[in-house]
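Colleague: Before anything else, here's the structure in question.
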Amino acid sequence: GLQFLVSRASTVAPDALGPAVAAAGLGRAAVHAGDFPQILTACAAGAVASGTASLEAAVAGLPVVILYRMSPLSYAIARRMVRVEHVGLPNLVAGRRVLPELLQGECTGERIAAEVAGFLDDPDRAAAVRDDLVRIRERLGGRGALARAAEAVLEAAGKRLNPSVS
């Protein structure tokens, strides 16, 4: 009985996602382009790429799993240069893991499905995450939230930069 919403970025061709969604066998799936925050409010849980999308989901109060995968070489270089405990902006702002993160080899369909199902199957877990997301939203405040988020990320990264790499 699940329905899936796939948000299409404006940079992705309108016909690019339809075949991939159909091939994934998601059944009741719809691809939407447009107001991403509005799409987030229509969902009970989700999976988003690390970056501003994860922060938008946090501000919307949506429990999500944060996904991040890049080429192995790029990842190895990035891990040597920057040492942070979390890659997701909401987790960096919170200073702890609020939302699960699946990186590199952990980012599989099975793991994504299990994490999202955890939110859907355990209302207490989802409610606890929503409470944490309220605190993240409060920390970011109103106007100027992006600047405060950037400051929090820089602060977290600055404390953990690898000093042996210049």
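FYI, it's all coordinate maths here, none of it is from the lab. All values reported here derive from a predicted model rather than from experimental measurement. Note: ideal-geometry Cβ built from the backbone for every residue, glycine included; neighbour counts use all protein chains shown.
Colleague: Counting residues that are touching a residue at least 12 places away in the same chain (Cβ under 8 Å) and surrounded by 20 or more Cβ atoms within 10 Å (Cβ to Cβ), which helices (runs of 4 or more DSSP H) fully inside region 65-126 reach at least 2?
Modeller: On the way: elements: 72-81, 89-94, 109-121.
By residue number, 89-94, 109-121.
Colleague: How many residues are in contact with a Lys or Arg (Cβ under 8 Å, 6 or more places away or on another chain) and among the polar types (S, T, N, Q) when one looks only at region 1-48?
Modeller: 1
Colleague: Which numbered condition in (1) within 12 Å of the chain's Cα centre (by Cα); (2) closer than 16 Å to Leu120 by Cα is the only one that Tyr68 fails?
Modeller: Result: Tyr68 passes all but (2).
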